[in-house]
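Structure record follows, encoded as structure tokens.
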Amino acid sequence: MDYSVEEYVSFLETKGFTFGEDAIGFIFFGKRYTEASDVLVNIAIEITLKAQKNFDGSFYVSLLENLKQKNITNKPQAEAYARELGLLS
């Protein structure tokens, strides 16, 4: 199931992740700035959390920009790209 960004953030919060107002601001700024789909935004959030162990807004925006520039549209492509960059093992 594809979650909207709002639904995905709420889902992550039920799993124990906390997002402050600044993090939520970065998430939606990045979405508007890159014109990314909810799916791609959610993937960027997930990779950011896995790579940084918490939410880093500037890392997330940079990652989202790169995913868009590389025309990555799904999770397997995004995870492969993140592994290439050494962000995920």
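The values are calculated or read from the model by the stated rules, or taken from the named source; none is laboratory data. Keep in mind that what you see is a predicted model, and the values were worked out from it rather than measured. Cβ coordinates were reconstructed from backbone atoms using ideal geometry, including for glycine residues, and neighbour counts include every protein chain displayed.
Numbers below:
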{"read-out": "Which numbered condition Tyr81 misses (of (1) out of contact with any Lys or Arg (no Cβ under 7 Å at 6 or more places or on another chain); (2) modelled with pLDDT of 95 or more; (3) surrounded by fewer than 21 Cβ atoms within 10 Å (Cβ to Cβ))", "value": "(1)"}
{"read-out": "Filter pass, Gly25 being more than 11 Å from the chain's Cα centre (by Cα) and either assigned to a helix (DSSP H, G or I) or not small (Gly, Ala, Ser) (or both)", "value": "yes"}
{"read-out": "Hits in segment 53-72 - residues which are surrounded by 14 or more Cβ atoms within 10 Å (Cβ to Cβ) and either within 16 Å of Tyr3 (Cα to Cα) or not aliphatic (A, V, I, L, M) (or both)", "value": "Phe55, Asp56, Gly57, Phe59, Tyr60, Ser62, Glu65, Asn66, Lys68"}
{"read-out": "Top-ranked residue of segment 31-52 - restricted to ones that are within 9 Å of the chain's Cα centre (by Cα) and either on the phi > 0 side of the Ramachandran plot or not hydrophobic (A, V, I, L, M, F, W, C) (or both), ranked as surrounded by the most Cβ atoms within 10 Å (Cβ to Cβ)", "value": "Thr48"}
{"read-out": "Residue within segment 29-36 that is at pLDDT 95 or above, over 16 Å from Lys68 (Cβ atoms) and in a helix (DSSP H, G or I) present", "value": "no"}
{"read-out": "Scope segment 4-22; condition in a helix (DSSP H, G or I) and of a type in the set (Gly, Ala, Ser); matching residues", "value": "Ser10"}
{"read-out": "Enumeration of residues in segment 51-89 that are out of contact with any Phe, Trp or Tyr (no Cβ under 9 Å at 6 or more places or on another chain), polar (S, T, N, Q) and either part of a loop (DSSP other than H, G, I, E, B) or closer than 25 Å to Phe19 by Cα (or both)", "value": "Ser62, Asn71, Thr73, Asn74, Ser89"}
